[in-house]
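See structure below.
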Amino acid sequence: MKKNILIVPGDGIGQEVTAVGKKVLDRIAGKFGHEFVYDEALIGHVAIEATGNPLPDESLQKMKASDAVLFGAVGHPRYDNDPSAKVRPEQGLLKMRKELGLYANIRPIKLFDELLGASSIKPEILKGADIMFFRELTGDIYFGEKGRKNNGDTAYDLAEYSRYEVERIARKAFEAARTRRKKLCSVDKANVLETSRLWREVVQKIAPEYPDVEVEHQFVDATAMLLIKDPRRFDVVVTANLFGDILTDEASQIAGSMGMLASASVGDGTGVYEPIHGSAHDITGKGIANPLASILSAALLLDISFGMKAESEKVIGAVDKVLKAGFRTGDIADTHTPSGKVLNTDAMGEQVLKFLE
Ligand code: NAD
Ligand code: IPM
Ligand code: MN
């Protein structure tokens, strides 16, 4: 199959890990006789530096024209520490999501057995945890009106959801639950927020269309607690943009590290595949970032955008073998990991390529 893949590394460790994700895609193309044609585009701080715009039109056009996007991360400490900055790397990411209609962000939280010791959660609580988050990605407080009043002394961000926005993400989550353990947890704050009351109303309304799926509703605060108390009680979780952002960073500890969590952002057009982590200024340039989230994002890309199930499973299998062989990056190493098995970004990528053979 011939496919056009756009590589959008962005900032910080986004550059470092996406290079490795691309190598894995390329190796898969070779092994399975596909032709992957690559192009690159700018986003985030690097795009601001080059053009003044965190998502130049040229990048957006390339995204729309490609068959799939492998994205890294955006962000730079300069903006994190300057609340008055009007142009910010993250605006590029949000615009990409909105313009491509990427309303569903699928974040699988799967613990590889070998990483049981890498988490701060007790192994007996954790073993076998396997959750699939559906985070709504183009609505909520992220995209509502925001501003200042009272001479700048008061600030506001409006959270807004429309019925169709809740319904389309909820349907995706119901359908996924059908292919899994048939349990759906819808997370909201319906005891306080009007957007959450609409959310709950919509999920309740469509639930009878999926009689084979057992639905529960949880408040977001309780969910944050239950994820750590008993992660295995969850199968598919569906939630709003902001809650999903926060809960999945928390849930990364179920999988051992932020460096393990891949995601697929899908919707109306081209799909974007991205680690859930950011540009990680604290480790940028050291070459030690875990590339497995980018590699697993590439696996999601193969499966979801290209329908290449065998190719995708091959990648996940190679990651599993690398972990079984005892190799770790620093973030997933534990006190029992021999120092000779702790690899940097590129060496970890090389091991995955080796196990793809
Ligand atoms: P972060 O995800 O970049 O880092 C959080 C912590 O996890 C850091 O200690 C980091 O070293 C570690 N970490 C993250 N990914 C790792 C990996 N692959 N391997 C090893 N360790 C890893 O979050 P942050 O520090 O809150 O934010 C840094 C910047 O990234 C900010 O500018 C933020 O806006 C941006 N950000 C972007 C995205 C994105 O582009 N999708 C996501 C989150 C944060
Ligand atoms: C993510 C990030 C982004 C978000 C930021 C950088 C805008 O945290 O992809 O999870 O909040 O969605
Ligand atoms: Mn986030």
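The values are calculated or read from the model by the stated rules, or taken from the named source; none is laboratory data. Note that the coordinates shown come from a computational prediction; the quantities given were computed from them, not determined experimentally. Methodologically, a virtual Cβ is constructed for each residue, glycine included, from the backbone with ideal geometry; neighbour enumeration extends over all protein chains shown. Quick note on the areas: whole protein, heavy atoms, side chains included, nothing else; ligands and nucleic acids left out. Shrake-Rupley method; radii C 1.70, N 1.55, O 1.52, S 1.80 Å.
Here are a few things to note about the model shown:
- Subset of the stretch 165-191 [in a loop (DSSP other than H, G, I, E, B), open to solvent by 20 Å² or more (accessible area, probe 1.4 Å) and either over 14 Å from Phe133 (Cα atoms) or free of Cβ contacts under 8 Å to residues at least 40 places away in the same chain (or both)]: Thr179, Lys189, Asn191
Residue-by-condition table, conditions (1) open to solvent by 10 Å² or more (accessible area, probe 1.4 Å); (2) in contact (Cβ under 8 Å) with a residue 40 or more places away in the chain; (3) among the aliphatic types (A, V, I, L, M); (4) closer than 24 Å to Val74 by Cα:
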position: Met1; (1), (2), (3), (4): yes, yes, yes, no
position: His34; (1), (2), (3), (4): yes, yes, no, no
position: Ala47; (1), (2), (3), (4): no, yes, yes, yes
position: Thr51; (1), (2), (3), (4): yes, no, no, yes
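- Residue in the stretch 337-346 that is nearest to the chain's Cα centre (by Cα), counting only those that are part of a helix (DSSP H, G or I) and in contact (Cβ under 8 Å) with a residue 12 or more places away in the chain: Thr345
- Per the listing Ser305, Ser294, the residue uniquely under 16 Å from the mean Cα position of the chain (by Cα), polar (S, T, N, Q), within 16 Å of ligand 2 (Cβ to nearest atom) and not assigned by TED's automatic domain parsing to the domain that holds Ala170 is Ser294.
- Wholly within the stretch 1-93, strands (runs of 3 or more DSSP E) carrying at least 2 residues that are in the same structural domain as Glu350 (by TED's automatic domain parsing) and under 20 Å from the mean Cα position of the chain (by Cα): 2-10, 68-73
- Some residue of the stretch 229-246 being under 30 Å from Val352 (Cα atoms), under 12 Å from the mean Cα position of the chain (by Cα) and crowded, with 21+ Cβ neighbours inside 10 Å: yes
- Any chance Gly267 is away from ligand 3 (no atom under 16 Å from the Cβ), within 19 Å of Ser120 (Cα to Cα) and open to solvent by less than 50 Å² (accessible area, probe 1.4 Å): no
- When we screen Gly144, Gly128 for residues that are modelled with pLDDT under 95 and in a loop (DSSP other than H, G, I, E, B), the only hit is Gly128.
- Hey, Ser297 touching a strand residue (DSSP E or B) at 6+ places or on another chain (Cβ under 6 Å), within 16 Å of ligand 3 (Cβ to nearest atom) and not charged (D, E, K, R) or not: yes
- Residues satisfying the stated conditions in the stretch 270-291, i.e. hydrophobic (A, V, I, L, M, F, W, C) and either assigned by TED's automatic domain parsing to the domain that holds Gly139 or open to solvent by less than 40 Å² (accessible area, probe 1.4 Å) (or both): Val272, Ile276, Ala280, Ala289
- Unique match (being more than 16 Å from ligand 2 (Cβ to nearest atom) and hydroxyl-bearing (Ser, Thr, Tyr)) among Thr270, Thr284: Thr270
- When each of Asp82, Asp130, Asp39 is tested for being open to solvent by 50 Å² or more (accessible area, probe 1.4 Å), out of contact with any Gly (no Cβ under 9 Å at 6 or more places or on another chain) and under 20 Å from Ala264 (Cα atoms), the lone residue that passes is Asp39.
- Filtered residues of the stretch 57-87 (kept if away from ligand 3 (no atom under 15 Å from the Cβ) and more than 25 Å from Val20 (Cα to Cα)): Asp57, Arg78, Tyr79, Asn81, Asp82, Pro83, Ser84, Ala85, Lys86, Val87
- Residues in the stretch 299-336 that are surrounded by 17 or more Cβ atoms within 10 Å (Cβ to Cβ) and assigned to a loop (DSSP other than H, G, I, E, B): Ser305, Phe306, Met308, Phe327, Thr329, Ala333.
- Residue among Leu137, Leu111 that alone is under 19 Å from the mean Cα position of the chain (by Cα), at pLDDT below 95, open to solvent by less than 20 Å² (accessible area, probe 1.4 Å) and farther than 17 Å from His217 by Cβ: Leu111
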